[in-house]
1. Of everything in the range 125-146, what is crowded, with 16+ Cβ neighbours inside 10 Å, part of a helix (DSSP H, G or I) and at pLDDT below 85? Give them in sequence order.
2. Please verify whether the range 168-177 includes one or more residues that are loosely packed, with under 13 Cβ neighbours inside 10 Å, modelled with pLDDT of 75 or more and outside any loop (DSSP other than H, G, I, E, B).
3. Scanning the range 87-115 for residues that are among the polar types (S, T, N, Q) and in contact with a helix residue (DSSP H, G or I) (Cβ under 9 Å, 6 or more places away or on another chain), which turns out farthest from residue 54 (Cα to Cα)?
4. Just give me the residues in the range 29-54 being assigned to a loop (DSSP other than H, G, I, E, B) and out of contact with any Asp or Glu (no Cβ under 8 Å at 6 or more places or on another chain), in sequence order.
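The values are calculated or read from the model by the stated rules, or taken from the named source; none is laboratory data. Note that the coordinates shown come from a computational prediction; the quantities given were computed from them, not determined experimentally. Here the Cβ positions follow ideal geometry from the backbone for every residue, glycine too, while neighbour counts run over all protein chains shown.
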Amino acid sequence: MNIETKDLEKRATRRFNAQGSIMRKLRLQEVIRFWSNVDKGPGHGPKGDCWLWRGTKTCGYGYFQPYRYPFPRKPMRAPIYCFGAECGPIPDGLLVLHTCDIKSCVNPGHLYLGTAAHNSRDHMLRGCGRGKGPLLPKFCCDVIQSEADLGMQHQVLSLLFRVSEATITNIVKGRFRKRFSCAN
């Protein structure tokens, strides 16, 4: 057994002693199997401190097959398993969210609980969602409108405001004023 496996065994044993002694050995093997699929090497993510999932991935998210209760016996996202294993059960209605925007990151320090509304808001503010750009203040929409009226190309405006050309076109044509992210 190497040092990292002994450390995992100590952490898992402490955690499972608090939860009860049912199937402790099987649970310990599950935790070791989970962490064996994690790359903790430096240099991953925006700050270089992300731990990337090396196992099965779908749409960028890592998936893990737990053995037993309290998790269902079906593949689940690796960040959800990691948060549940490290921090305890996840209350109903809450999601496990990332602070780093790296889908395959399983660093418990980058995971937190939030609602679907928090997740949507984070995506809009960070410009991560498909088809949704960063939140633009109303005055930016007005500047885009006036610059386009003066003849500035939509491509240039999209680079300046870091949104798509289609977004610029929709702002100029007044299509997104009510439902687009032009905040007050």
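1. Correct list: 140, 141.
2. No, because not a single residue in the range 168-177 is loosely packed, with under 13 Cβ neighbours inside 10 Å, modelled with pLDDT of 75 or more and outside any loop (DSSP other than H, G, I, E, B).
3. Within the range 87-115, the first condition is being among the polar types (S, T, N, Q), and the residues that meet it are 99, 104, 107, 115.
This time we only want the ones that are in contact with a helix residue (DSSP H, G or I) (Cβ under 9 Å, 6 or more places away or on another chain), so: 99, 104, 107.
Numbers: 99: 20, 104: 8, 107: 13 Å.
Only one residue fits best here, namely 99.
4. Here is the first cut: in the range 29-54, the residues assigned to a loop (DSSP other than H, G, I, E, B) are 36-37, 40-43, 45-48, 50-51, 54.
Correct list: 36, 37, 40, 41, 43, 45, 47, 48, 50.
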